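Structure first, commentary second.
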Amino acid sequence: MAPIAANPEASLDVRPGDETLTPAELKSVSLFADLKRAPSFEKFPGALVLRRYARGDAIVRQGEAGWTAFYILTSEDLVTLRRVQLAQVQAELSASEASRRQELAARQAALEHELAHLSTRTAVPADERAKEPAVTARLDVELSSRTKMPGVLSRLFGRGRGRTEADRRPDYVPNDGATDIALSTRQAPMYEGDLFGEMSCLNRVPRSATVIADRDCYLLEMLRNILDQVRRDPGFKEKSDCVYRRRALGPQLRRFSIFAQLTEQQFDGLRQQVELATFPAGGVIFNEGDASDAFYVIRSGMVKIVKNLPTPRTLTYLGRGDFFGEAGALLGQPRSATAIASGHPQATEGLGSDVELVRIGRDYFLDLCRSSSELQALFAAQRKRYEERERQQTEAPAWDPQQPVLLHPQFEELGLLQGQKLMLVDLDRCTRCGDCMQACVNTHQDGVSRLYLDGPRFGKYLVPNACRKCLDPVCMIGCPVGSIVRGEAGEIVIKDWCIGCGLCADQCPYGSIHMHPLAGLNLATDRPSHTPASADAREKEVSERAVVCDLCAGLDGMGPACVYHCPHDAAIRIDARYDFPGTC
């Protein structure tokens, strides 16, 4: 049999008490044992680590960059794992030399002691243990009485969507875990067998809450390349959707006034009626003129609402927690606009984070709305608001010169909306001196520029091919070794276990990632090799590495050198959603 080609070893942050598990040990954990096909652990050394946390330990902190996910081991997981390890130690002990017997005997005694302790815990019925949280997600910020519902992009254009002041303060805040955070307590418990952190890991966004261990527990931390293999398993998806329905769906829907009057019995019925729908970036959710057969709540991702006038016009963008499709469902009219899963307009087909939606069929939706006099009154008020909105949209000119620059068609075509740190060069000021590129070269020890003064124009601005710090960085999708991650300030970072496959460079829609031969990079030291996790594995040879703008994260307080060193104030970095200069 040909040896397995193992990738360079990943290096997750080290904590005291960490354990690196063998592929056989990992396959004993129920998260993987229950899959139709276990991940290829031998190919990805260092991609998982077992961590022990004591009561009160912080596992992740709100606002930190998130590029890993966590699985909370069950007591049964730990028993099975320790038994596998004990059998391995006993086999080694019987065949070992005298010099190792003392060490192995001590390890055997420690495992036997832990198994004896675990036996008292597993003796407690599983349904009783299920009531005891293992960790708790906590919101670290105070929310004012005017806090609005989640969905940042939906607020950019000042469109109120008919919400009352009471709607603006949610009962629950979205959390990157199986349960959303109750605003009243600012906490959300999580239990043995839960997976959390996957939204940060998959969607490349900061941690949504601080997670604290409630008791001594073991968590398995993993890179995205392992998580992707888990999520592709049909059985896991069915199980995770079931958990979401049971724990999170009701609290999310209760944030909307239209469901505020429902009884617990009605909500139990609702949970059984909804569907969880997934659309790829660029996918059409429904078209203008389609039958209004459902109401939608955004679970994750962005949705673009487009009006098909003589020329298509973007009305708004909606984010997590926003809802849409209610007008047609309530009025019994065809769709008045097209809804599209938003992504990068220039990205390769199929790239971009999927948009996940909660779908509620119209018949059941209307039954709920008609179930009480309070809901009937709300139905009538909503109807009036939607009729007024339709009238205003019909009378509005197709082109408004005062509309925000974000609604300009070219703004969307160039993907500028994605830029949280979009670089612009004012061509009326720029003298083509090249100081910005030289500053980039001087800032990085490898001597390679991350900035090239090439790219599209928007008005008087050049948009260079430099990293934009995208809202949805599709460059991070599918990295086979999980080496492209978010830094602490949200910048894109390529770790030194990059295998040079070029996938990230091919997927970046804006030409911001470049491949360079290792021999041409001025690296202080070569990355040391490692011992493969399996005797049948050999380490892959790496000849080149991806290079990307890191927004000069290492320059404390100065910001990107390309902007700092421009002698003519021609170069700027902006969040394009809020700070783009001028209007259309």
Checklist entry - What nm distance separates the two modelled labels at Leu331 and Arg370, each placed 7 Å from Cα along Cα→Cβ? => result 2.0
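What fraction of the Cα pairs in segment 18-127, stated in percent, has a spacing above 18 angstrom?
In whole percent, the share of Cα-Cα pairs in segment 18-127 beyond 18 Å is 62.
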Checklist entry - Under a point spin-label approximation (7 Å from Cα along Cα-to-Cβ), what is the Leu315-Asp428 distance to one decimal in nm? => result 3.6
Checklist entry - Hey, rough spin-label estimate for Asp290 and Tyr564, points 7 angstrom out along Cα→Cβ, what's it come to in nanometres? => result 4.9
Item to check | Potential lengthening between Gln410 and Asp506 on full extension [0.36 nm per residue; Cα-Cα distance subtracted] | outcome: 32.3 nm
Checklist entry - Can you tell me the accessible area per residue over segment 1-104, all protein chains present, probe 1.4 angstrom, in square angstrom? => result 51
Item to check | Distance violations [Cα-Cα > 25 Å] among Lys36/Lys495; Lys27/Lys469; Lys421/Lys460 | outcome: Lys36/Lys495; Lys27/Lys469
Checklist outcome for this item: For Lys237, the aspartates and glutamates lying under 15 Å Cα to Cα, once residues fewer than eight places off in the same chain are dropped, come out as Asp34, Asp194, Glu198, Asp228, Glu275, Asp354, Glu356
Checklist outcome for this item: By the Cα gyration tensor axes a ≥ b ≥ c (a/c under 1.5 gives rounded; else a/b larger than b/c gives prolate, otherwise oblate), the shape of segment 406-500 is oblate
Checklist entry - Suppose R0 equals 56 Å; then what is the FRET efficiency for Glu103 and Arg385 from their Cβ-Cβ distance, rounded to the nearest 0.05? => result 0.15
Item to check | Added length on full extension, which subtracts the Cα-Cα distance from 0.36 nm per residue, Ala24 to Ala58 | outcome: 9.3 nm
Item to check | 5 angstrom amide H check on Ala6, placed H, neighbours 5+ away | outcome: Arg538, Glu539, Lys540
Checklist outcome for this item: One finds the C-alpha centres of segment 448-517 and segment 174-232 to be spaced, in Å, by 27
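The values are calculated or read from the model by the stated rules, or taken from the named source; none is laboratory data. Here the structure is a predicted model, which means the values were calculated and not measured. Positions of Cβ are backbone-derived with ideal geometry, glycine not excepted, and every protein chain shown enters the neighbour counts. For the accessible areas, the whole protein counts, side chains as well, though only heavy atoms, and no ligand, DNA or RNA atoms are used. Shrake-Rupley method; radii C 1.70, N 1.55, O 1.52, S 1.80 Å.
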